[in-house]
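The values are calculated or read from the model by the stated rules, or taken from the named source; none is laboratory data. Predicted model only: the values in this text are computed from it and were never measured. Positions of Cβ are generated from backbone atoms using ideal geometry, with glycine treated the same way; all protein chains shown enter the neighbour counts.
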Amino acid sequence: MVETELAGLEQAITQITRELARQPSAEGMSYYYELAGRSLDPGYLREAKAQGKKVVGTFCTLVPEELVLAAGAVPVRLCSGFGATITRTEGTCPASLCPLVKSSYGLWLSTPPIAAQCDVVAVPTTCDAKKKLAELLSDRVPVWLVQVPSTKESTEARRAWGRQIVLLKQQLENLTGRRIGRKALRTAIAICNQKRAALRRLYELRKEARIWGRDALLVADTSFHDDPVQWTRQTDALCAEIAQRDNVQQAAANLPRLLLTGSPVVFPTWKLPMLVEESGGIIVADDICTGAKALWDPAYVTESSLAGMLEAIGERALSITCPCFAPSTARLNRLVQLSRDFRVDGILYHVLRGCHLYGMEAQAAEDRFRELALPTLRVETDYSLEDTEQLRTRVEAFVEMLSARKLE
Amino acid sequence: MLVCGVDVGCMFTKFVILRDGEVAAQHIMESGVDGAAGVDEALAQLLASLGATRADLQAVVTCGLGRRSVEPFDKVVSEVSACAGGARVVCPGARTVMDLGAHGIRVAALDERGRVASFDISDKCASGTGCFLDIMSRALGVEPLEAGKVALCAKNPEHIESMCAVFGESEVVSLVARGKSREDILAGLVDAVARRVASMAKRLGGQQEVVLVGGVAKNPAVVTALERALGSPVRVPDEPQTVGALGAALIAHSLVGSKAG
Amino acid sequence: MRIQSLRNPIQIVLILLLNFTFIGGLVISPFLPVLRLTTVINPFVHIIKGEQMHLCPLGTLGRCLTGTWSLGLLLPLFGGLILVGLLVGRALCGWGCPFGLVQDLFDRVRTLWFSRKKVREDWHAHLSGLKYVLLAFFALLALAMSVPALANRYSEELFKAHWPDLFQAAPFCALCFPMDASTLATLIHGATPGLLGPYTMVQLLVLVVFFAGAALVPRFWCRYLCWVGATGSLFNRVSLLQLRKRSASCTKCGNCARACPMQCRAPMDQDGDGRVTEQGCVFCLKCVESCPNHTLSLSAGGTSIYQGGRAWWKRS
């Protein structure tokens, strides 16, 4: 990778982590700031490579991590949040394309260590942009297209997904030369479930506003770039710390509580969480892919046979409430449940420009929230920082509106 | 008790000073490039006319694009909240507040208690804003402040769809070349603005009473066109441009009140 | 607390109580002809009690119709059946049936070697009707056999000779294959081989089908063959005990459909609120337990008793 380019990206990271570190929710956050700082060259990937392990790059949340771990490989999510890498994609990607995909492709073209270390990239066919990204990447790295059904409701769709899981298992076994047996799968499921449990425990503390949203979202985001066991341990330590500390809870006592939903907010484009919390609100819950969406439910094993465990893993992946599935009832139900459980005052619906999946669900979501007497602020933006002031105007007005209602 | 509200827009900065809750003085000046210095000076002059100084001010609340540039301030608020509060006072019973400023359109729907229930902001491009109307009228050789009167004289208003402030200029020139009158073109532009604002208001409910504030509210053609587009009467306060600053000043007043009591 | 940790011990307790104590002889227990069936797999029961139990509704029906017992007994018999059905539907299958317990335990053992087979939805729907056919068959047979002319003509001489009193009292019982448990018992305990009854092969066949089915499909017997469970199934949609769904929180994760041993689809598929108790539901509550969203609940007359959705992420 060109040195200056890498330096530029690292500077973007440092800028954000420094800002976050000025008012951290807890001391334990320093681990995550450091982790985020190394997101172009994660330590655990280097170690894995040194041990001769294979690295499987993924996008989205629908590639079951358990399978990768059970095969003895190491997963890493490649969804990029760098605005600077988008310029590289002019000509290849249409200007109106989702910035996440453009940024990820641009990042790949710059070949940072995180990309160079991938032996294969597994891309789920969730949205059109990702599908075509897979095609673009296949010129540079072996790509596995993981076929995700467009609906979860039909038996045929679930059966097809089940077959895809088996295929993925075989592909992984061929990659690592290691058979995925029951014991390996059981261990991998346990590791991943523990990771999810740690996140749920963190979110329980978010109900009491014990951690700023900008920090909690970073904790969740970094889980995709770290060794799962290590991350779980650190997150449990963080939970133990913030359960004792009152600083955030007291500061956030009367602030409007927001639910963040919609297109993912990917580090280091952190303007939205920062804006919200600078404007006097606190994000207490979310269902974004870089946040709780992928880590909410555990893999529920009903049959401890190999096929049973594969089924459990597959169905868990399918239970992720992504708008790539039609109908979107599951996602709307999840949003309603979250707004109730986390006692939110308003919803921040974030749509990345070009993201039609989230864009088209916005009205339905807003209508559903209106039934609960919850106002929604729709924010359409991209990775550039130019519209920060305009976003600030809207967010401030929204937070003020929520505060006034809260005072009554 | 002396408090001040400052609405720092990108073209104009508005001041309202309240003494014991009543409007004591107000002032509109061009924002210019002096930034904070210009604001300080104007404020000092305004206070002097009341026989007071900056030290006598018990609270300053700012809103508008440059709200954080006026130091020191006690609180910043969004224009949405400020305009809503100000409109409610000058027109009690206001349920829809439309703020047409130089660089943005803000519409808020208020509940029966006068609190903002929902809002919409259009400020990513200049289409439909005061700036747009100013550029267009200058392109037609009409002084922006006269544009309203000229538009009201139109016999056959043009139907204009595109409202891009940059490309609109060339469109206007081509219309003139086709022999369209200034009055008709201006009326068409005003209609386009009215349609845009009306659609924002309708999406939020458009409930009576509908109040128009902001600099553009001084344009009589815009008011008439809006009433037509909304199908309901539109009230314009006597001083529409300072309503935002008034709202900010009222918030300053309640800040002092809550500190005391 | 995991509801299954409660259910399995209760199964054992109820089975013991109902099979070996007087409680089994109470009026409501005419609903529990399981006891007849246990003699197929547990010859010891027969040996301990000495003679066959009069608790099978078909046997009781037969005795009432031949005049051995007073007709008045039909009231508590069917009244009991209906009462239990209206109260708990098919819940006794999930909580008190030895066949159910055996299948549940077998299921656990099976997972060590191979995975269960899901039955194709259309086959499942058709096969599920088989148990009602069997119920109708046995009921009609019992009624038919209470007509002496028919009984005399169609019963095996061996039975008439073997149990003349029983044959007089309840001709149907003489035809009922579990009757020959005595034969099986004597076989096992080394009695006279000549007493091998004609239905021994039927019994063995039933055992083979039972275990083969249990090896492949959870609760195979209960789903498709158990005519006893069929009587409970008839009440499942109207019983006081119900499974309810609050669709507003359902994210279609599929846990309930996967967890269900009876392959019920309603908890997952239904999109409206309210009852989701299918005819096959045995109230094992695995679905309620598996739901991460408090969507499903066990309710009695509208009040929720158990809601599952335990906080799986909490530290144990």
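Scanning segment C:284-316 for residues that are aromatic (Phe, Trp, Tyr) and within 17 Å of A:Val301 (Cβ to Cβ), which turns out nearest to the other protein chains (Cβ to nearest Cβ)? First the steps, then the outcome.
Keep residues of segment C:284-316 that are aromatic (Phe, Trp, Tyr), which gives C:306, C:312-313.
Add one more test, that the residue is within 17 Å of A:Val301 (Cβ to Cβ), and what stays is C:312-313.
Values: C:Trp312: 6, C:Trp313: 4 Å.
Among those that are aromatic (Phe, Trp, Tyr) and within 17 Å of A:Val301 (Cβ to Cβ), it is C:Trp313.
Taken over segment B:83-129, residues that are closer than 24 Å to A:Ile347 by Cβ, among the polar types (S, T, N, Q) and either more than 12 Å from chain A (Cβ to nearest Cβ) or within 11 Å of the chain's Cα centre (by Cα) (or both) amount to 1. Annotation note: of B:Glu30, B:Glu41, B:Glu71, the sole residue that is more than 23 Å from B:Val211 (Cβ to Cβ), in contact with a Phe, Trp or Tyr (Cβ under 7 Å, 6 or more places away or on another chain) and charged (D, E, K, R) is B:Glu30. Scanning segment C:112-132 for residues that are buried (at least 16 other Cβ atoms within 10 Å of the Cβ) and facing chain A (nearest Cβ under 9 Å) gives C:Ser115, C:Arg116.
Looking only at segment A:308-340, how many residues end up being of a type in the set (S, T, N, Q) and modelled with pLDDT of 95 or more?
If we filter segment A:308-340 for residues that are of a type in the set (S, T, N, Q), which is where we start, we get A:319, A:321, A:328-329, A:333, A:337, A:339.
Okay, now just the ones that are also modelled with pLDDT of 95 or more, so A:339.
Residues in segment A:308-340 being of a type in the set (S, T, N, Q) and modelled with pLDDT of 95 or more: 1 in total.
Please indicate, with yes or no, whether at least one residue in segment B:131-151 is within 14 Å of chain A (Cβ to nearest Cβ), among the polar types (S, T, N, Q), buried (at least 17 other Cβ atoms within 10 Å of the Cβ) and not in a loop (DSSP other than H, G, I, E, B). If you could, list the steps in order and put the result at the bottom.
Taking segment B:131-151 as the starting set, the residues that turn out to be within 14 Å of chain A (Cβ to nearest Cβ) are none.
No - not one qualifying residue is present in segment B:131-151.
Of all residues in segment B:47-82, those satisfying the criterion of being within 14 Å of chain A (Cβ to nearest Cβ), among the charged types (D, E, K, R) and touching a helix residue (DSSP H, G or I) at 6+ places or on another chain (Cβ under 8 Å) are B:Lys75, B:Glu79.
Per the conditions (1) more than 10 Å from every other protein chain (Cβ to nearest Cβ); (2) surrounded by fewer than 19 Cβ atoms within 10 Å (Cβ to Cβ); (3) farther than 23 Å from A:Tyr203 by Cα; (4) not hydroxyl-bearing (Ser, Thr, Tyr), the sole criterion not satisfied by A:Glu408 is (1).
Here the condition is being part of a helix (DSSP H, G or I), on the phi < 0 side of the Ramachandran plot and not aromatic (Phe, Trp, Tyr); of A:Leu145, A:Leu133, it holds for A:Leu133 alone. Being over 23 Å from C:Asp273 (Cα atoms), more than 14 Å from chain C (Cβ to nearest Cβ) and touching a residue at least 24 places away in the same chain (Cβ under 8 Å) is the requirement here; does A:Arg316 meet it? For A:Arg316, the condition - over 23 Å from C:Asp273 (Cα atoms), more than 14 Å from chain C (Cβ to nearest Cβ) and touching a residue at least 24 places away in the same chain (Cβ under 8 Å) - is not met. How about segment A:180-192: which of its residues are surrounded by fewer than 20 Cβ atoms within 10 Å (Cβ to Cβ), at pLDDT 95 or above and either part of a loop (DSSP other than H, G, I, E, B) or not basic (Lys, Arg) (or both)? Within segment A:180-192, A:Ala184, A:Thr187, A:Ala190, A:Ile191 meet the criteria. Among the residues of segment B:206-239, those that are crowded, with 19+ Cβ neighbours inside 10 Å and either among the polar types (S, T, N, Q) or in a helix (DSSP H, G or I) (or both) comprise B:Gly215, B:Val216, B:Ala217, B:Asn219, B:Ala221, B:Val222, B:Val223, B:Ala225, B:Leu226, B:Ala229, B:Leu230.
For segment A:289-381, which helices (runs of 4 or more DSSP H) that fit wholly inside it have 2 or more residues that are over 22 Å from the mean Cα position of the chain (by Cα)?
In segment A:289-381, the matching helices (runs of 4 or more DSSP H) lie at A:306-318, A:356-371.
Within segment C:253-283, the residues that satisfy the criterion of being buried (at least 18 other Cβ atoms within 10 Å of the Cβ) and in contact with a Ser or Thr (Cβ under 7 Å, 6 or more places away or on another chain) are C:Cys253, C:Gly254, C:Asn255, C:Cys256, C:Arg258, C:Ala259, C:Gln279, C:Gly280. Being within 12 Å of another protein chain (Cβ to nearest Cβ) and either closer than 12 Å to C:Ser128 by Cβ or hydrophobic (A, V, I, L, M, F, W, C) (or both) holds for only one residue in C:Cys250, C:Cys222, C:Cys226, C:Cys281, and it is C:Cys250. Within segment B:51-76, how many residues turn out to be assigned to a strand (DSSP E or B) and crowded, with 16+ Cβ neighbours inside 10 Å? Qualifying residue count, segment B:51-76: 8.
Out of all the residues in segment A:236-243, is one or more more than 14 Å from chain C (Cβ to nearest Cβ) and surrounded by fewer than 24 Cβ atoms within 10 Å (Cβ to Cβ)?
Yes, because at least one residue in segment A:236-243 is more than 14 Å from chain C (Cβ to nearest Cβ) and surrounded by fewer than 24 Cβ atoms within 10 Å (Cβ to Cβ).
Could you grab me the full set of residues in segment A:244-263 that are surrounded by fewer than 17 Cβ atoms within 10 Å (Cβ to Cβ) and in a loop (DSSP other than H, G, I, E, B)? Scanning segment A:244-263 gives A:Arg245, A:Asp246, A:Ala253, A:Asn254.
Can you pull out the residues in segment B:107-120 that are free of Cβ contacts under 8 Å to residues at least 60 places away in the same chain and buried (at least 24 other Cβ atoms within 10 Å of the Cβ)? Those that are free of Cβ contacts under 8 Å to residues at least 60 places away in the same chain and buried (at least 24 other Cβ atoms within 10 Å of the Cβ): B:Leu110, B:Val116.
For segment A:1-37, what are the residues that are outside any helix (DSSP H, G or I) and within 27 Å of A:Gln249 (Cα to Cα)? Within segment A:1-37, A:Gln23, A:Pro24, A:Ser25, A:Ala26, A:Glu27, A:Gly28 meet the criteria. Listed conditions (1) within 25 Å of B:Arg235 (Cα to Cα); (2) in a loop (DSSP other than H, G, I, E, B); (3) out of contact with any helix residue (DSSP H, G or I) (no Cβ under 8 Å at 6 or more places or on another chain); (4) of a type in the set (Gly, Ala, Ser) are all met by B:Ala102, apart from (3).
Note on segment C:69-101: among residues that are crowded, with 17+ Cβ neighbours inside 10 Å and of a type in the set (Val, Ile, Thr), the one that is farthest from C:Gln242 (Cα to Cα) is C:Val84. Taking each residue of segment C:125-139 that is part of a helix (DSSP H, G or I) and looking for partners that are of a type in the set (Phe, Trp, Tyr) with beta-carbon atoms closer than 7 Å, six or more apart or interchain, yields C:Leu127/C:Tyr224; C:Ser128/C:Tyr224; C:Leu130/C:Tyr224; C:Lys131/C:Tyr224; C:Lys131/C:Trp227; C:Leu134/C:Trp227; C:Leu135/C:Trp227; C:Phe138/C:Trp227. Among the residues of segment C:102-117, those identified as within 12 Å of C:Leu216 (Cβ to Cβ) and either part of a helix (DSSP H, G or I) or in contact (Cβ under 8 Å) with a residue 60 or more places away in the chain (or both) are C:Gln103, C:Phe106, C:Asp107, C:Arg110, C:Arg116, C:Lys117.
Would you point out the residue of segment B:77-86, among those that are aliphatic (A, V, I, L, M) and in contact with an Asp or Glu (Cβ under 8 Å, 6 or more places away or on another chain), that is surrounded by the fewest Cβ atoms within 10 Å (Cβ to Cβ)?
B:Val77
Take segment B:198-216 and flag every residue that is within 23 Å of B:Lys14 (Cα to Cα) and either touching a strand residue (DSSP E or B) at 6+ places or on another chain (Cβ under 6 Å) or of a type in the set (Phe, Trp, Tyr) (or both). Correct list: B:Val210, B:Val211, B:Leu212, B:Val213, B:Gly214, B:Val216.
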